[in-house]
Amino acid sequence: MLEARAAVKTLHAYRPPLAGRQGLRLDFNESTIGCSPRVMAKLRALDAETLARYPEREPVEAEVADFLGLDAAQILLTNGVDEAIHLLCASYLEPRDEAIIVVPTFAMYAIFAQAEGALVVEVLAGENFAFPLADLLARISPRTRLIAVANPNNPTGTAVTPDVLLQIAQAAPDAAILVDEAYFEFHGETILSHTARPANLFVARTFSKAYGLAGLRIGILAGDSKQMAMVRCVASPYNVNAVALAVLPEALRDQEYVQQYVAEVLRGRKVLQQELSTLGLQYWPSRANFVLVRIGPAYAEFIQALRARGILVRDRHTDPGCEGCVRLTVGSEEHTRTLIAALREVIEKLRERREVRA
Ligand SMILES: Cc1ncc(COP(=O)(O)O)c(C=O)c1O
C-alpha cells in the first residue's frame, strides 16, 4: 500500500478558517481596501496570449531587485512567502536536522520544517512576548540548520532590532536564518538595508498584506547570490503565475497608493490601541497591521458577537502564551471605526454578563 513519508504522516494539517468569510474581514491581516486601481486596470487589459504562455519570471525579478536595491541574482519571486519558507526548508534541512522558531509565531515554519523530517525546536517568547535572544542562542546546536524569525511577528505584532538578527546569524553560521518581513511596510525597518548582511541570512517579503494582493500569491525571497542559486534549483521555473507577474511592476510603481494605505493603517492602529486601553483590555503594542488583545475566558463569545455584527476576527487562544487572545486586523480608517464601535458594544455586553473583567 502506498504510504506517505513518516515525516508527513505526523504532520497536523494547518487549516486556516477560510470558510464563511463574508463580512468585514479582519481575520487574515489582508488589506481591507484591496490593491491599487492601476493594478486592476493592468489586470483587465490582460490578453489570452499572456495566459497561454508559460510565465517568464526573470524580467519582473530584475525590476523587483532594482526596487529593493539588490542584484537580480539576490532575489527569487515566490508563490507567496509560504513558498519561500517551503523552498528554504527543502534546500537546507535534512531529516533530523533542527529548525528553531520562537513561539508564538506563524504556523508555516514548523509545518514545512517537519515535512522535511526536521525537528522543530520551539523557544518560548519571554514576558509580554519579549524576544528570547539568550534562550534562542543557547538552543543553537551543530544540528541547527534553520532559524525562522517573523519580524514583526505574527500574531504578537512585536519586532526585534537588526542587531539581534545579525547576532543570531553570526551565532549559527551553518544555519539558514529566515527573517520574514511579511509586515515590513507597517514596521518601516528592514534588515535588507544592512549592507553587511551575512551570507546565511535570507529575507522574505510579501505582496499579500500592504499591497492587497493575497489572492495572486506573490512574494520575494532575498539572500546571498550563491545561496539563492541553490534555492533556485529547488523552485519550479513557473512557480509564479503570469497574472501576478504581469501586474507586479504596476503594483510597485504605485507606491503612493501603498503608502497612503499604510499611513491609514498606522493611524488606525494608534486609535485602536488607545481604545483597547480605554476599555481596560490587555494588548501588545504592534508594529504590524493587526493587534493581539486578551479578551479572557469569553474570547469565543466575543468572536461570535463580532461575527453577528458582520466582523471577522481571528481566534489565537491556542497559541503559546495567548490564552483568551484574539487578533484584530487594522484596515482602512472607516473599517477601524466600524471595528471600534462594535468592540465597545460587545465588551459592554460581555461585562454586563461579567464575562470580561473590567
Ligand atoms: C509572518 C507571516 N509570514 C508569511 C505569511 C504568508 O504570506 P504569503 O501570503 O506571502 O504566503 C503570513 C500571513 O499571514 C505571515 O503572517
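Looking at Val60, Val149, Val120, which one is within 24 Å of Gly188 (Cβ to Cβ) and either away from the ligand (no atom under 12 Å from the Cβ) or in contact with a Ser or Thr (Cβ under 9 Å, 6 or more places away or on another chain) (or both)?
Answer to the selection: Val149.
Looking only at the stretch 155-165, count how many residues are closer than 19 Å to Ala222 by Cβ and within 16 Å of the ligand (Cβ to nearest atom).
Counting residues in the stretch 155-165 that are closer than 19 Å to Ala222 by Cβ and within 16 Å of the ligand (Cβ to nearest atom) gives 3.
So, in the stretch 89-121, how many residues would count as being assigned to a strand (DSSP E or B) and under 28 Å from Phe28 (Cβ atoms)?
Start the filter on the stretch 89-121 by keeping residues that are assigned to a strand (DSSP E or B), which leaves 98-103, 119-121.
Keeping just the survivors that are under 28 Å from Phe28 (Cβ atoms) gives 99-103, 120-121.
The qualifying residues number 7.
Inspect all residues belonging to the stretch 37-55 and state whether any of them is closer than 21 Å to Met228 by Cβ and aliphatic (A, V, I, L, M). Walk me through it before giving the result.
Start the filter on the stretch 37-55 by keeping residues that are closer than 21 Å to Met228 by Cβ, which leaves 55.
The next check asks that each one be aliphatic (A, V, I, L, M); those that pass are none.
Checked against the condition, which is being closer than 21 Å to Met228 by Cβ and aliphatic (A, V, I, L, M), the stretch 37-55 yields no hits at all.
Quick one: which of Arg96, Arg21, Arg25 is farther than 24 Å from Asn154 by Cβ and among the basic types (Lys, Arg)? Reasoning before the result, please.
Working: Arg21 fails: farther than 24 Å from Asn154 by Cβ; Arg25 fails: farther than 24 Å from Asn154 by Cβ.
Result of the check over Arg96, Arg21, Arg25: Arg96.
Residues in the stretch 166-179: is at least one away from the ligand (no atom under 16 Å from the Cβ), in contact with an Asp or Glu (Cβ under 7 Å, 6 or more places away or on another chain) and not basic (Lys, Arg)?
The answer is no; no qualifying residue exists.
Could you list all residues from the stretch 104-120 that are surrounded by 19 or more Cβ atoms within 10 Å (Cβ to Cβ) and more than 19 Å from Phe207 (Cα to Cα)?
Matches in the stretch 104-120: Pro104, Thr105, Ala110, Phe112, Ala113, Gln114, Glu116, Ala118.
What are the residues in the stretch 272-329 that are of a type in the set (S, T, N, Q) and part of a strand (DSSP E or B), if any?
Taking the stretch 272-329 and keeping what is of a type in the set (S, T, N, Q), we get 273-274, 277-278, 282, 286, 289, 304, 318, 329.
The answer is Gln282, Thr329.
So Thr50 ticks every box in (1) closer than 25 Å to Gln170 by Cα; (2) of a type in the set (Val, Ile, Thr); (3) away from the ligand (no atom under 16 Å from the Cβ) but one. Which box is left unticked?
(1)
For the stretch 182-203, enumerate the residues that are aliphatic (A, V, I, L, M), surrounded by 19 or more Cβ atoms within 10 Å (Cβ to Cβ) and more than 14 Å from the ligand (Cβ to nearest atom). Show your work before the answer.
Within the stretch 182-203, the first condition is being aliphatic (A, V, I, L, M), and the residues that meet it are 182, 191-192, 196, 199, 201, 203.
With the extra rule that they be surrounded by 19 or more Cβ atoms within 10 Å (Cβ to Cβ), the set shrinks to 182, 191-192, 201, 203.
Matches in the stretch 182-203: Ile191, Leu192, Leu201.
If you take the residues of the stretch 322-358 that are small (Gly, Ala, Ser) and surrounded by 15 or more Cβ atoms within 10 Å (Cβ to Cβ), which of them is nearest to Asp27 (Cα to Cα)?
As a first pass, look at the stretch 322-358 and keep what is small (Gly, Ala, Ser): 324, 331-332, 341-342, 358.
Narrowing the set further to residues that are surrounded by 15 or more Cβ atoms within 10 Å (Cβ to Cβ) leaves 324, 331-332, 342.
Details: Gly324: 16, Gly331: 11, Ser332: 14, Ala342: 15 Å.
If we take residues in the stretch 322-358 being small (Gly, Ala, Ser) and surrounded by 15 or more Cβ atoms within 10 Å (Cβ to Cβ), then Gly331 is nearest to Asp27 (Cα to Cα).
Quick test of your reading of the structure: Val102 fulfils all but one of (1) away from the ligand (no atom under 16 Å from the Cβ); (2) in contact with a Phe, Trp or Tyr (Cβ under 8 Å, 6 or more places away or on another chain). Name the failing condition by number.
(1)
Scan the stretch 78-99 residue by residue and report those that are surrounded by fewer than 24 Cβ atoms within 10 Å (Cβ to Cβ), closer than 25 Å to Phe290 by Cβ and more than 8 Å from the ligand (Cβ to nearest atom).
Hit for the stretch 78-99 is His86, nothing else.
Can you pull out every residue in the stretch 25-81 that is aliphatic (A, V, I, L, M), assigned to a loop (DSSP other than H, G, I, E, B) and more than 23 Å from the chain's Cα centre (by Cα)? Don't jump to the end; show me each part of the working.
Going through the stretch 25-81, the residues aliphatic (A, V, I, L, M) turn out to be 26, 33, 39-41, 43, 45-46, 48, 51-52, 60, 62, 64-65, 68, 70, 72-73, 75-77, 81.
With assigned to a loop (DSSP other than H, G, I, E, B) added as a condition, the list becomes 33, 45-46, 70.
Within the stretch 25-81, Ala45, Leu46 qualify.
Which of the residues spanning the stretch 221-237 are under 20 Å from Ala159 (Cα atoms) and either over 14 Å from the mean Cα position of the chain (by Cα) or near the ligand (Cβ under 10 Å from one of its atoms) (or both)? Even if it seems obvious, please write down each step before you answer.
Pass one, the stretch 221-237, residues under 20 Å from Ala159 (Cα atoms): 221-222.
Across the stretch 221-237, the qualifying residue is only Ala222.
Taken together, the values in this text are just the output of simple stated rules run on the coordinates, not laboratory data. Owing to the predicted nature of the structure, the values given are computational and were not obtained by experimental measurement. Methodologically, a virtual Cβ is constructed for each residue, glycine included, from the backbone with ideal geometry; neighbour enumeration extends over all protein chains shown.
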